[in-house]
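Notes follow once the structure below has been shown.
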Amino acid sequence: MDTSTLLSVRNLHTWYELRQRAFGRAGSVRAVDGVTFDLAEGETIAVVGESGCGKSSLAKTILGLYRPTQGEIVFQGQPIHAANAAMLRWYRRQVGFVQQDPYGALPPFMNVHRILAEPLIIHGIRKAQREERIREVLEEVKLVPIADFMTKYPHMLSGGQQQRVVIARAILLQPKLIVADEPVSMLDASVRVEILELLRNLQSAHRLAVIYITHDLSAVRHFPSASSLCTVEKS
């Protein structure tokens, strides 16, 4: 692996076993089957394919939410595919996740301030630093006036505003990598370009590596730094 490589994925497989009650194992669904790529700091890789082809399974395996059936995930030289709980805790601070459904991604019983405070509390950030960081990210994602948005709950926000909160949470811990899984597919057309430009500007400002997952090739054109394109077809 090159020393400039941030993330290295080698021959990655994620299979789901199918079971029948009376007869035991009935086979496997090969959601991810032999994916290999390297990603450098500040680089974008687009994973493009139709619905059901395994794009989200690939994302969740890279995030450490699924254990791969086979293959390697190495981040900054650390083997994530076989990581223990302490290593995964460190890794998840380095990687932000932007989900497809912003409303479903946000706890409906928490206001924006609490949603953003929660990860900082979990990672032991002191209160004064938490408040400063929350204000910084809200300003970065253009949710201003900040005081107005702090007390709002997800149902009080538009779809675009909800996705800005999701993005704010993704960059909150100052990660090196963002995994964006269809981040604009559930938004109105008029808002999609704004969110894509926001992601692109954040990538440039923080030199973020981005794995951009989509079924829409036109969305990829908003990331001029995308140096690789992985097209996944449904088998």
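Could you go through the stretch 150-164 and let me know if any residue there is touching a strand residue (DSSP E or B) at 6+ places or on another chain (Cβ under 8 Å) and modelled with pLDDT of 95 or more.
Yes - at least one qualifying residue is present in the stretch 150-164.
Spot the failing condition for residue 140; the list is (1) more than 30 Å from residue 50 (Cβ to Cβ); (2) buried (at least 19 other Cβ atoms within 10 Å of the Cβ), and only one is missed.
With (1) more than 30 Å from residue 50 (Cβ to Cβ); (2) buried (at least 19 other Cβ atoms within 10 Å of the Cβ) applied to residue 140, the lone miss is (2).
Name the single residue, out of those in the stretch 119-130 being assigned to a helix (DSSP H, G or I) and surrounded by 15 or more Cβ atoms within 10 Å (Cβ to Cβ), that is farthest from the chain's Cα centre (by Cα). If you could, list the steps in order and put the result at the bottom.
Taking the stretch 119-130 as the starting set, the residues that turn out to be assigned to a helix (DSSP H, G or I) are 119-122, 127-130.
Still in the running and surrounded by 15 or more Cβ atoms within 10 Å (Cβ to Cβ): 119-120, 130.
Numbers: 119: 15, 120: 17, 130: 22 Å.
Filtering first and then ranking leaves 130.
Residues are listed down the side, and each one gets a yes or a no for (1) aliphatic (A, V, I, L, M); (2) more than 21 Å from residue 63 (Cα to Cα); (3) surrounded by fewer than 20 Cβ atoms within 10 Å (Cβ to Cβ):
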site	(1), (2), (3)
185	no, no, yes
197	no, yes, yes
205	yes, yes, yes
216	no, yes, yes
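The values are calculated or read from the model by the stated rules, or taken from the named source; none is laboratory data. Treat the numbers as computed from the prediction; the structure is a model and nothing was measured. Here the Cβ is made from the backbone with ideal geometry for all residues, glycine too, and neighbour counts use every protein chain on show.
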